[in-house]
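**Student:** This is the structure, below, for whatever I ask next.
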Amino acid sequence: DGVLQLGNAHMWMDEWDECDECFERAKEGFVRLLGEDSAKAVNAAFMVAHQIPTVDEEIAEYRRLWEMAKVSLPEEAVTYDIAMSLGSRLREKKGKYEEAKVFYLAALEGQRRVLGEEHKKTLASMKNMGALLDDMEDYEGALDYYQQAFRVKEKVLGKTHHITLNTIMN
């Protein structure tokens, strides 16, 4: 766990070589101790995948991790982090909106179940789903997701919180 956290620290400091080394080392250790399909090993592999330099290779690794995690880790948040990242790459880098929608919906459904409606990752998934539908020119669908996120943020954070107000701007 400490090596993975050290990798996160290097990532925040833009020390990419050290970051990669820590994530790889954490992944190898977790795989050796817990197995490839353990939550910790998958999370470390997910962090390694973030560092892959080409979008196509990154997407391929996210797909591999998703296929493994959705079967072996359906109650772990990392499974839905993978789905969200895969959907985001497909949407932002490839313009594959319909395919991205499948992963965004899987992420949102899983996050609601595993993390709860009020968790920040669930709320981010609602916003992302709204943005995707906006990109697809489904403005009514986008508005619905934005409104869902707004209602929860208003309840949890209050009407005047900057994050709640930012949701209104969407």
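**Student:** Could you say whether any residue in the stretch 78-101 is among the polar types (S, T, N, Q), farther than 29 Å from Thr54 by Cβ and touching a helix residue (DSSP H, G or I) at 6+ places or on another chain (Cβ under 9 Å)?
**Tutor:** The answer is no, given that none of the residues of the stretch 78-101 is among the polar types (S, T, N, Q), farther than 29 Å from Thr54 by Cβ and touching a helix residue (DSSP H, G or I) at 6+ places or on another chain (Cβ under 9 Å).
**Student:** Considering (1) touching a Lys or Arg at 6+ places or on another chain (Cβ under 9 Å); (2) within 24 Å of Met84 (Cβ to Cβ); (3) open to solvent by 70 Å² or more (accessible area, probe 1.4 Å), say which one Leu33 fails and leave the rest.
**Tutor:** (2)
**Student:** Is at least one residue of the stretch 15-24 open to solvent by less than 40 Å² (accessible area, probe 1.4 Å), under 28 Å from Lys127 (Cβ atoms), touching a residue at least 40 places away in the same chain (Cβ under 8 Å) and assigned to a helix (DSSP H, G or I)?
**Tutor:** No.
**Student:** Let me ask you something else. Given the conditions (1) under 20 Å from the mean Cα position of the chain (by Cα); (2) assigned to a helix (DSSP H, G or I); (3) of a type outside the set (A, V, I, L, M, F, W, C), and given that Asp37 satisfies all but one, which numbered condition is not satisfied?
**Tutor:** In the conditions (1) under 20 Å from the mean Cα position of the chain (by Cα); (2) assigned to a helix (DSSP H, G or I); (3) of a type outside the set (A, V, I, L, M, F, W, C), Asp37 misses (2) alone.
**Student:** Just to be sure I understand, how many residues within the stretch 72-100 are more than 18 Å from Ser125 (Cβ to Cβ), touching a residue at least 12 places away in the same chain (Cβ under 8 Å) and not basic (Lys, Arg)?
**Tutor:** 1
**Student:** Condition check: under 30 Å from Gly116 (Cβ atoms), at pLDDT below 90, open to solvent by 50 Å² or more (accessible area, probe 1.4 Å) and among the acidic types (Asp, Glu). Does Asp1 satisfy that?
**Tutor:** Taking the combined requirement at face value, the residue satisfies it.
**Student:** Within the stretch 148-169, count every residue that is surrounded by 19 or more Cβ atoms within 10 Å (Cβ to Cβ) and of a type in the set (Lys, Arg).
**Tutor:** Of the residues in the stretch 148-169, 1 are surrounded by 19 or more Cβ atoms within 10 Å (Cβ to Cβ) and of a type in the set (Lys, Arg).
**Student:** Output the number of the condition that Tyr62 fails; it satisfies all remaining conditions of (1) farther than 26 Å from Leu157 by Cβ; (2) open to solvent by 70 Å² or more (accessible area, probe 1.4 Å).
**Tutor:** (2)
**Student:** Is it fair to say Ala83 is modelled with pLDDT of 95 or more, closer than 24 Å to Met47 by Cβ and aliphatic (A, V, I, L, M)?
**Tutor:** Yes.
**Student:** Test Tyr62 against the criterion of being in a helix (DSSP H, G or I) and under 23 Å from Tyr146 (Cβ atoms), and give yes or no.
**Tutor:** Against the criterion (in a helix (DSSP H, G or I) and under 23 Å from Tyr146 (Cβ atoms)), Tyr62 does not qualify.
The values are calculated or read from the model by the stated rules, or taken from the named source; none is laboratory data. Bear in mind the structure is a predicted one, so any value in this text is a computation, not a measurement. Every residue, glycine among them, receives a Cβ derived from its backbone with ideal geometry; neighbour counts consider all protein chains shown. Each accessible area value is taken on the protein alone, full model and side chains, heavy atoms only, with ligands, DNA and RNA left out. Shrake-Rupley method; radii C 1.70, N 1.55, O 1.52, S 1.80 Å.
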